1. Tell me which residues, restricted to the stretch 106-129, are within 16 Å of the ligand (Cβ to nearest atom), crowded, with 16+ Cβ neighbours inside 10 Å and not β-branched (Val, Ile, Thr).
2. THR11 - would you say it is modelled with pLDDT of 95 or more and either more than 12 Å from the ligand (Cβ to nearest atom) or surrounded by 19 or more Cβ atoms within 10 Å (Cβ to Cβ) (or both)?
3. I need the full set of residues from the stretch 14-28 which are touching a Leu at 6+ places or on another chain (Cβ under 7 Å) and near the ligand (Cβ under 10 Å from one of its atoms), in order please.
4. Taking the stretch 59-105, which residues are within 15 Å of the ligand (Cβ to nearest atom) and among the aliphatic types (A, V, I, L, M)?
5. Please give the number of the condition ALA184 fails out of (1) near the ligand (Cβ under 10 Å from one of its atoms); (2) under 30 Å from LYS129 (Cα atoms); (3) in a helix (DSSP H, G or I).
6. Evaluate the stretch 142-158: report whether one residue or more is surrounded by fewer than 24 Cβ atoms within 10 Å (Cβ to Cβ), of a type in the set (A, V, I, L, M, F, W, C) and away from the ligand (no atom under 16 Å from the Cβ).
7. For the stretch 29-36, does any single residue satisfy the condition of being within 10 Å of the ligand (Cβ to nearest atom) and either in a loop (DSSP other than H, G, I, E, B) or of a type in the set (Lys, Arg) (or both)?
Amino acid sequence: MRLEGKVCIITGAASGIGKAASLLFSKEGATVIACDVSEENLELLRKENPGPGRIDTYVLNVTDREKIDEVIGTVIEKYGKIDVLVNNAGITRDALLLRMKEEDWDAVINVNLKGVFNMTQAVAPVMIKQGKGSIINTSSIVGVFGNIGQTNYSATKAGVIGMTKTWAKELARKGAQIRVNAVAPGFIRTPMTEKVPEKILQALNDKIPLKRMGEPEEVANLYLFLASDESSYITGQVIGIDGGLVI
Ligand code: NAD
């Protein structure tokens, strides 16, 4: 098993890519700390746990710094370490620039950008103490190439890349083996992309060399590689997973 004995926190764990990753990490022997705002979906996730790993669920909003500290405290009390943090939680509130409401800008910045900062600032001291850890941040091809109607979202996903590179340098000081990488998915079939009209999806598929959307399990496989010791010399990278969309 590729994650045997590892304690892995995953945010946005109850749906789409985060759910696929939680189930896969458990199959690979991890103890998964599954965090999400949806209590109902967390309950479903817990029921679906294929084992042999554990899935502990926490209703946690990544914008709530106080609750984050409480959860991290509980995890340390229970397991004494954190090996992996997957900053996967994310939302969209799409609108063209001229129509974007301030509340939609703020909501996306708070979850997708500040949420990643909040979680990492809370977990980093634990990893620094251990001298070891892997942090995986979920960006998007939109953070590198932009997208019409996604001013707020693309800003956060570009920001995630900036933080990834900064933390890869900062957290590796004094010989610590703390790795920080970003994953940049293209179009993946999850509840997030269910909102995209079928006509647009079809046009997108035509532009993708592999001629299809990605599946959440395919992104989960990349998370698994970055979480495991197989990627022990990879840090500060932005790894695309998009069927060739942005070659
Ligand atoms: P999803 O909507 O299926 O899942 C997101 C999960 O995050 C949900 O369970 C939701 O409840 C949770 N969440 C939302 N706000 C939260 C908060 N404040 N605190 C904690 N949890 C919260 O979406 P997905 O497609 O699985 O997306 C996962 C990640 O992948 C996101 O960061 C997204 O931006 C990124 N991404 C997705 C795609 C895609 O095509 N689906 C492409 C590129 C990047």
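The values are calculated or read from the model by the stated rules, or taken from the named source; none is laboratory data. Keep in mind the model is a prediction, meaning the values are calculated, not measured. In this analysis, Cβ positions are derived from the backbone assuming ideal geometry, glycine residues included, and neighbour counts consider all displayed protein chains.
1. ALA107, ASN110, ASN112, LEU113, LYS114, GLY115, PHE117, ASN118, MET119, ALA122
2. Answer is yes for this residue.
3. Of everything in the stretch 14-28, those that are touching a Leu at 6+ places or on another chain (Cβ under 7 Å) and near the ligand (Cβ under 10 Å from one of its atoms) turn out to be ALA14, LYS19.
4. Within the stretch 59-105, VAL59, LEU60, VAL62, ILE68, VAL71, ILE72, LEU85, VAL86, ALA89, ILE91 meet the criteria.
5. Among (1) near the ligand (Cβ under 10 Å from one of its atoms); (2) under 30 Å from LYS129 (Cα atoms); (3) in a helix (DSSP H, G or I), the lone unmet condition for ALA184 is (3).
6. no
7. no
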